[in-house]
Amino acid sequence: MNIKFIREMKTFTKSTIIKSMMVFLFFLSSCATVPLTGRRQLNLVNDTEVMNLSLTQYDQFIKSNKVSANKIETERIKRVGNKIAVAVGKFFVDKGLPNYLDGYKWEFNLIEDKSVNAWCMPGGKVVVYTGILPLIKNDAQLATVMSHEIAHAVAKHSSERMSEQLLAQGFGSALSVALAQKPQETQKLAMAAFGIGTQVGYTLPFSRKHEYEADELGLYFMAMAGYDPNQSLDFWRTMAQNNKSTAPEFLSTHPLDENRIARISEKLPEALKYYHPQKGK
């Protein structure tokens, strides 16, 4: 066998091993841990960049959509949301992570829209659509919805989704580069990652994983805020009755209703440890 060829192969092999190790170390250093659940997640994007992008998207959304004039329901959204925000902030302080929510400026809005939807952007911008209100029987069920959406933001699910998509597009952690080179595509990517748009393809399994995790964290957060987590079961059962989709779970970004309800039931005993009923409730 040609000695030169053997030497070149050895050099190639060493180079490949070194590059592989560098990639492995890069991904290892880019991993974060989700609070409470302990799940390791990939986060290749800068929190400040994500926060700034979310604020831009939020401002555009509010300007182009109708904020509800219903004072009673709007105040209800703000009251429940603020209680959850206070509870979440206290949780991180108690856990020795007082800076975890740096940059968050909580804001709660009710939008006139028939869609059964709600979302929370990084930075604490929460939107509830009027279309979901008929399915909500009490404040605890509203807390179920809002805690679930806040959990998505606090667990940095949007950053995780965005990291996966930027990586697939060859941008790695350079969100600023993606915005400069492909502004429209990156804006759409951000909307999908923040929960305003819809995602298909390779992100589906991660989206279902995020939904289950947001369900779990949401139970804890609503309980910390003084809302009975048992009410979450009633809410999701109502949602199941209202859900007309018959698509199998592997074709959906959200878990099947019966699977979601089963998992919530499993997590309830742990959530109830955080529950201290509000006076007069």
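What to note about this one:
- For peptides 229-236, 120-127, sequence by mean Cβ density within 10 Å, most packed first: 120-127, 229-236
- 27 Å Cα-Cα threshold exceeded, pairs from Lys90/Lys273; Lys71/Lys267; Lys66/Lys95; Lys63/Lys90: Lys71/Lys267; Lys66/Lys95; Lys63/Lys90
Laboratory data are not the source of any read-out in this text; all were calculated from the coordinates shown. All figures in this text were calculated on a predicted structure; none of them were measured in a lab. All Cβ positions, even for glycine, are placed from backbone atoms using ideal geometry, and neighbour counts span all protein chains on display.
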